[in-house]
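Structure first, commentary second.
We did not get these values from a lab; they are worked out from the coordinates using the rules stated. Fair warning: this is a prediction, and the values are worked out from it, not measured in the lab. Note that each Cβ is placed from the backbone with ideal geometry, even for glycine, and that neighbours are counted across all protein chains shown.
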Amino acid sequence: MDADSSGIKWAERQQQTLRSLQRRLVEHIKAGRTTDMADAPMANPARVYADPVRHEAERQKLFLEMPLVAGLSGDIPNTGDTLVFDGAGSPIIVVRDAAGRANAFLNMCRHRGARLVNDSGCHARFTCPFHSWSFDLNGRLVGQPGKLSFEGLDTGQLGLVQVPCTEWHGLIFVKAQPGSGPIDVAAHLGGFAPELAEIGLESFAPVKSGVMKANGNWKYVLETFGESYHLSSLHPTTLANTIFNNVLLFDRFAPHHRIGFAPRSYGELVDKPEGEWPELYNVLYMIFPNTAMLLGSPMPGHMFIQLFRIFPNGLSATDTHFTLYAPADSLNEQSRAVASAGFDLARGIIETEDFSVAAGAQRNLLAAPPGFKVNYGRNEVALQHLHRDLAAAIGMPL
Ligand code: FES
Ligand SMILES: [Fe+2]
C-alpha cells in the first residue's frame with residue numbers, strides 16, 4: 001500500500017480502479033465534456049412517486065426484507081458500541097458484543113415492549129427505562145426486578161428479538177424483519193462485492209452524523225445523488241464551482257451501480273502525463289436499494305466517505321441518515337475540524353438546494369394529472385436503471 005497525496009493508503013487494486021475511472025473522466029473532458037449515457041430517454045409515470053400501494057410494497061420488499069447498510073464497522077469499534085435507527089420500519093439496535101461480533105436486535109423490551117435505547121453510544125447492557133428489565137450485549141435477559149411476579153415465564157425465551165446482521169469488509173448489513181433468514185452479502189452484492197471490498201472501509205472512522213429531513217418521496221431524494229446534470233442549474237454557487245456539469249461515469253453492477261463525477265481540476269489533466277495526476281476522486285457507490293456512499297475529497301489533501309442512508313418516513317417524507325467518515329489513522333484535531341466542516345458544507349447544500357426541490361416536486365407529483373410522466377434523459381442513466389431495478393424488486397410494473 002502506498003500513501004497518496006491525500007494521506008490515505010489505498011490497496012493497489014483500488015488505486016488501479018480509481019486511476020481507470022480518472023482516465024475515463026479525462027477522456028470525457030477531452031471530448032468536449034461528454035458523459036456516459038443510456039441508449040434512449042425513459043418515461044416513468046408520476047404515480048411511481050405518489051401511489052400509497054406501491055409505497056407499501058417498497059416498505060415491505062425493500063426496507064423490511066432486503067439487506068440494508070446499517071453503517072460502517074468504524075461506527076461501533078468497541079464492545080458495547082451501539083447504533084440505533086428506526087428508518088427501515090423496525091426499531092433496530094446494532095451492537096458489538098464482547099467477542100467482537102456485530103449483532104442486531106429489535107429495540108424493544110420483552111416486558112411490555114418499551115423502547116430500550118434512544119441514542120447511539122456505548123452500553124454495558126440495555127436497561128429498560130420503564131421497569132428496568134435489562135439485557136446483555138447478546139440480547140439475553142439478565143435483570144428482572146421483582147422477578148417473583150413473573151414466576152412461570154421462561155426467562156431464557158425472553159431475550160431481545162434478533163434481526164439478521166452481518167459485517168463484511170467494513171460494512172454492516174442488517175435485515176429489519178426478524179426471521180427473514182441470514183444475509184448472504186456475496187449474493188446480494190454480486191459483482192459489486194470486489195469493488196466495495198477493495199475500498200478498505202474498515203479503516204474509516206465516523207466524524208459527524210445527522211439526519212436530514214426532506215418532504216419528498218425517498219426515491220426522488222435518492223435520485224439527487226445519481227446525476228450531475230443538475231449541478232450548474234441547482235448548485236451554481238456551490239458544487240458547480242468544483243464539479244463539471246453533466247459529465248458522468250456510470251458502471252452497472254445490477255442492481256447496484258457506481259458513478260464517477262468529474263472535478264473541474266481534471267480539466268488540467270488533459271495534457272499532463274498520468275504520472276503527474278493528483279489523487280483526487282469523486283466516486284459514488286449506490287448500494288441497492290437506499291444507500292449512496294460518496295468517496296470524495298471535497299478539500300485538497302483530505303479523503304472522506306460520505307454515507308447517505310435514505311429511508312422513507314411516509315410516502316412524502318424522507319429521512320436521510322448522513323455520516324461523514326475519515327481515515328481513522330490520520331484523525332487528529334485538525335483533520336477532525338476539516339471533516340466536520342465538510343459535513344456541514346455538504347449538509348447545507350443538500351438540505352437547502354436538493355431537498356427543497358424534492359419537496360416541491362412531491363407536491364406536484366401528488367397532484368399530477370392522470371397519465372403524467374417524468375422523463376429521465378440518456379444522461380440520467382443511473383436513474384433509469386434504479387427505477388427498473390426497484391420495480392423488479394417489488395414485483396410491480398413501472
Ligand atoms: S417495558 Fe421494559 S421493563 Fe417494563
Ligand atoms: Fe444536488
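Okay, here's what the table says:
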item	result
Rounded to 10°, Cα long-axis angle of helix 12-30 versus longest principal axis of the chain	40 degrees
Residue-averaged [θ]222 nm for the chain, counting only DSSP H segments that reach four residues, each worth -39500 (n - 2.57)	-6500 deg cm²/dmol
Gyration tensor verdict on region 251-346 (Cα atoms; rounded if a/c is under 1.5, prolate if a/b is larger than b/c, oblate otherwise)	oblate
Length added when fully stretched, GLU12-GLU268, from 0.36 nm per residue minus Cα-Cα	89.7 nm
Distance in nm between pseudo-label sites at ARG115 and THR79 (7 Å out along the Cβ direction from Cα)	2.9 nm
Residues in region 237-274 reached by a label modelled at SER20 [backbone nitrogen below 20 Å; 7 Å Cα→Cβ]	248-263, 274
Distance from region 227-253 to region 151-201 (C-alpha centre basis), Å	34 Å
Calculated P(r) of the chain - Cα pairs past 35 Å, %	29 percent
Three principal axis lengths of region 68-182 [C-alpha, angstrom, descending]	46, 27, 23
Under 23 Å from LYS30, Cα to Cα: lysines that are on another chain or at least 8 residues apart	LYS272
Spatial separation of Cα centroids for region 323-362 and region 86-134, in angstrom	28 Å
Simple spin-label estimate for THR242 and GLU202 in nanometres, 7 Å along Cα-Cβ	3.0 nm
Three-way shape call for region 195-269 based on the alpha-carbon gyration tensor, with the a/c threshold at 1.5	rounded
From phi via Karplus (6.51, -1.76, 1.60), per-residue ³J(HN,Hα) for region 124-131 in Hz, x at Gly/Pro	7, 7, 10, 10, 5, x, 7, 10
Dipole of the chain, positive end: most advanced residue of PRO263, TRP218, LEU295 [Cβ charges, Cα centre]	TRP218
Label point distance in nm, ASN332-VAL161, each placed 7 Å from Cα along Cα→Cβ	4.9 nm
